[in-house]
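First the structure, then my questions, so here it is.
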Amino acid sequence: MAEKAIDDLMLENRKFPPSAAFKKTSLVTGTELYDEGNEDYQSFWARQASELVTWDKDWDTVCEWNLPYAKWFLGGQLNVSYNCLDRHVLAGRGDKVAFYWEGEPGESRVITYQQLLDEVSKFANSLKSLGVEKGDRVNIYLPMIPEAAVAMLACARIGAAHSVVFGGFSSQSLSDRINDAEAKVLITADGGYRRGEVFPLKPQADEAIATTPSIEKVVVVRRGNNPVDMKAGRDHWYHDLIDAASSDCPAEPMDSEQLLFLLYTSGTTGKPKGIMHTTGGYLTQVAFTHKYVFDLNPDKDIYWCTADVGWVTGHSYIVYGPLANGATSVMYEGVPNYPANDRFWSIIEKYKVSIFYTAPTAIRTFMKWGDQEPAKHDLSSLRLLGSVGEPINPEAWMWYHEHIGRGNCPIVDTWWQTETGGIMISPLPGATTLKPGSATFALPGIGMEVVDDECHHVEKGGGYLTLTQPWPAMLRGIWKDPERYQDAYWSRFEGRYFAGDGCKLDDDGYIWLLGRVDDVMNVSGHRISTTEVESALVSHPAVAEAAVVGANDATTGQAIMAYVILRTGFDVTESDLRNHVAKEIGAIAKPKAIFFTPDLPKTRSGKIMRRLLRDVAEGRNLGDTTTLADANVVSELQRRAAETPSED
Ligand code: WTA
């Protein structure tokens, strides 16, 4: 991915030190936090935990590390929802805005900390009345509406773990995740807005719960006003529950290691992994990173993260980090091009957003739409920009810097994962000299090392990204699958966490992320496993065999390319199969192109040669194909690939 461009820029070595003006108000301008973290990472995190988090009971042990299992702040007790809401209200900041919510059709809602606390308390009481108890799992399948944050915080308030499923996932994906988590309650909406239209959610949810015996109750938020069936006794309207509930629901102290949430993410097999996150360590790291990476001034900044709450970025940097820090955020429901291509810039102008956090795939799309779109708006409120989800290529970084940041906003390129819970590698904007396209350095308190195939230290050049010591927000395991936890993250390099990412260190020790080195694709910043899409394809009766690869794509980072062998006697079109994948997994997993082929390139032992298919898909010259069972297959595929791939 953009390696050539990275090489070129590394030769050119453009550097952007923080400006004097930015440094003047910045929280960190020197190396003091790094020094402290290097000296003793546990004491460093302990100090953050006591400064940034309010505890009902102090911890006895900072960190207990039994590789690969970490426990943080053992013996300590706290409530995440208390930390995100009550303590701000108690400190007299109840009238402060927590969220400016902007609906896609154009309406706004302003929600203060006091209002959010009342609503969360009422909904927590509602969940209790539906039989939810501490330790239960609750599934959330909602559009980007404030009720999504309310639902998450209400679970946290009573010690139920939430499992949020992105609203774009199919009913099948929802059902799989509910069954794995054995959730008791599902919170959904009638529908949500997307590109000017209402997309139904409740009908999808109904389809899912036909196969989820654990679900006892369903809560439905009214948003799309689309018609829905409500099953008496099982289904309840959110507004009816809220109307009937008391706003008195004291936050219950939880053990630091109480399960806060599960979030499913793709691994290298067809089955998504239920990543487990707990309470005290997670909150400490998301509050720390949100404060220092975004150089937050909670009294002045208006912060906007464009992610969806269905992804980890939405969990950590729309809900928990910003609210723990008492920040004021913008939350937007819809797409960036409704009603026109300048919607994001009009939102920034309207709310005077000062910190803006988005994804490279969005930035590349904005570049495509043209410089005139941001130029229509006054973006002078912006002072800091962020990027997450995939490597940001230097061209996109420069465009972001010039056209959105008008040349005077630092850009924090933040590397992290669902598994890490919070940001791990990123500049501190008042202290770090930036290079376009580099995530720069590991944050204070984080142990990172680049190693080669044999796990030897890499000082300079390419290698694998590993984490060498526990960190507070690290995953505590994979739900119900300890073996997979060990295998997926702790087996490749002994004694360390392997992230699955390749990277490069330059002469100055800056890190340049180069993308995944496993069978996980990164499409528009979303992780999708090749196997998952292959399983979806072969579940169609017409498909005999399928191979899926991620090919470089100028806008989405990677694009899904599928090679399919049909069963004889079946007649099926490319679009039939693409829709089938959307139905099985969700629209985000639709292949960009499907090539029908009589055969697939395989080694003599029968392993599909994905590397080769990727070469074909990216139009590269092929190297040695003599290990192939049938070399003719490849030339046939190349011929087909030369015909332009189609896309919706
Ligand atoms: C990729 C998203 C380069 C990486 C928070 C990682 C990045 C995967 C960056 C995790 C970045 C995320 N630069 N690559 N700044 N941020 N990635 O779990 O491959 O959805 O392993 O978490 O995204 O994706 P996930």
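The numbers here are math on the coordinates, done by the rules we state, and not lab data. Note that this is a predicted model, so its numbers are computed, not measured. Because the Cβ atoms are built from the backbone with ideal geometry, glycine has one as well, and the counts that use them run over all protein chains shown.
Need one word for segment 120-262: rounded, prolate or oblate. Basis is the Cα gyration tensor (sqrt eigenvalues a ≥ b ≥ c); a/c below 1.5 gives rounded, then a/b vs b/c decides. Don't skip to the answer; put the middle values down first.
Details: a/c = 1.64, a/b = 1.34, b/c = 1.23.
Note, shape of segment 120-262 comes out prolate.
Right, next: Could you give the size of the charge dipole of the chain about its Cα centre, using +1 on the Cβ of each K and R and -1 on the Cβ of each D and E, expressed in debye and rounded to the nearest 20?
Using only the charged Cβ atoms, the result is roughly 700 debye.
Can you work out ³J(HN,Hα) from phi for every residue in segment 444-450, in order, using Karplus 6.51 cos²θ - 1.76 cosθ + 1.60 and θ = phi - 60°, giving whole Hz and x for Gly and Pro?
Result, rounded to whole Hz: x, x, 10, x, 10, 9, 8.
Shifting gears a bit: Using θ = phi - 60° and the Karplus form 6.51 cos²θ - 1.76 cosθ + 1.60, what ³J(HN,Hα) does each residue of segment 563-572 get, whole Hz, x for Gly and Pro?
Residue by residue, segment 563-572 yields 10, 10, 9, 8, 6, 5, x, 9, 10, 9 Hz.
Could the peptides 103-116, 535-548, 70-83 be put in order, highest first, of the mean number of other beta-carbon atoms found within 10 Å of their residues?
The packing order, highest mean first, is 70-83, 535-548, 103-116.
A follow-up question, please. Which whole-number percentage describes the relative contact order of segment 20-502, with Cα contacts under 8 Å and a sequence gap of 6 or more?
17 percent
Using bins 10 angstrom wide from zero, how does P(r) for segment 20-113 break down, in % of all Cα pairs?
Over segment 20-113, the share of Cα pairs per 10 Å bin runs 13, 26, 29, 24, 8, 0 percent.
Taking the Cα centre as origin and putting +1 on Lys and Arg beta-carbons and -1 on Asp and Glu beta-carbons, what dipole magnitude results for segment 255-360, to the nearest 20 debye?
In total the dipole reaches around 180 debye.
Name the residue from GLY76, SER121, ALA554 whose Cα lies farthest towards the positive end of the charge dipole of the chain, charges +1 on Cβ of Lys and Arg and -1 on Cβ of Asp and Glu.
Final value for the positive-end residue is SER121.
Using per-residue counts of other Cβ atoms within 10 Å, averaged over each peptide, order 29-36, 517-524 from highest down. Spell out each step's value before the answer.
Details: 29-36: 14.5, 517-524: 20.1.
Per-residue Cβ counts within 10 Å, averaged per peptide and sorted highest first, yield 517-524, 29-36.
Compare the Cα positions of THR418, HIS401, GLN285 along the charge dipole of segment 281-418 (+1 at Cβ of Lys, Arg; -1 at Cβ of Asp, Glu; about the Cα centre) and return the one farthest towards the positive end.
The Cα lying farthest towards the positive end belongs to GLN285.
In what sequence, highest mean first, do 91-100, 566-575, 154-163 appear when ranked by Cβ atoms within 10 angstrom?
154-163, 91-100, 566-575
Another question, then. Give me the Kirkwood hydrodynamic radius of segment 425-527 in Å, from all C-alpha pairs, to one decimal place?
14.8 Å
Once every Cα of segment 272-414 carries one equal point scatterer and solvent is ignored, give the base-10 log of I(q)/I(0) from the Debye formula at q = 0.12, 0.20, 0.21 Å⁻¹, two decimals.
-0.47, -1.27, -1.39
Can you list, largest first and rounded to whole Å, the semi-axes you get for the chain by taking the square root of 5 times each eigenvalue of its Cα gyration tensor?
36, 31, 25
Continuing with the same structure: Report, in debye and to the nearest 20, how large the dipole of segment 1-130 comes out about its Cα centre when Lys and Arg carry +1 and Asp and Glu carry -1 on their Cβ.
Working: 14 positive and 21 negative charges, 81 e Å.
Roughly 380 debye for segment 1-130.
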